[in-house]
Structures are given as C-alpha cells and as structure tokens.
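This report concerns only the one structure given below.
Each reported figure results from applying straightforward, stated rules to the coordinates on display, with no laboratory input. Just so you know, these numbers come straight off a predicted model, no measurement behind them. As a convention, Cβ positions derive from the backbone with ideal geometry for all residues, glycine included, and neighbour counts pool all protein chains shown.
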Amino acid sequence: MCICFAEYRILPEWREHFLAYTKDLLQQGNNVYLYEGTDQENLFVEVWQAASCEQAEQIKKERCSERSLWYPISNWIAGGPAKMHVWTFKPAHSRVGNPD
C-alpha cells in the first residue's frame, strides 16, 4: 500500500466554504482522509490510500488535474495552486514488524 499526500493552507476567509465543500467530497468515499493541523489552523492535509505506488501516482496526477472535483480548492489556497504540495509515499519497510 502507498499513499498520496497533499498539503496546503486555506485562506481564513474561505475556511467555512472549504469545510462545507470538502465535507460533501468526503461523503463520496475515494479512500481519502482530511486532517487539519493542531498547531496551525487552516493547514490541511489529504491522505489518499492506494493499493500500489502506481495507483498513488495516478491519484496524484488526477488530484492535480483541473478536471478533479477537488481542484476548486486550489482557488482557496494561500498563494494559489502552486502552494499545494503533493507527494507519494511508500512503506519504509517491506513487511510490518520488520526489525530492519
């Protein structure tokens, strides 16, 4: 399993609109979780679960695409779409509990 991770800061004046919009998106499923920083209000991360790193890369490509249902969020990011950071992560160890 791999994940696609997106991080960004929402402008305070768009916070309530963002929360309402993402609540609707999250109800659609898609193996995505949304978190807000506990130390930094309006700093959000999306964690998209994928069965493989290839699938996570596809999620990343789609998430950054203008046709994504998540794309309108880009307009509410401090600094615009260029300030959304998206990465793919893979497990650090090949097996859970591996003592390496």
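Cysteines of the chain lacking any other cysteine Cβ under 4.7 Å from their own Cβ: C4, C64.
Each pair of Cα atoms in the range 37-77 enters the Kirkwood radius, and Stokes-Einstein at 37 °C and 0.692 mPa s then converts it into a translational diffusion coefficient of 280 µm²/s.
For the chain, the alpha-carbon radius of gyration amounts to 1.14 times the rule-of-thumb value 2.2 N^0.38 Å expected for a compact globular protein. Taking a point 7 Å out from the Cα of R15 in the direction of its Cβ, the residues of the range 24-68 whose backbone N falls within less than 14 Å of it are 36-44.
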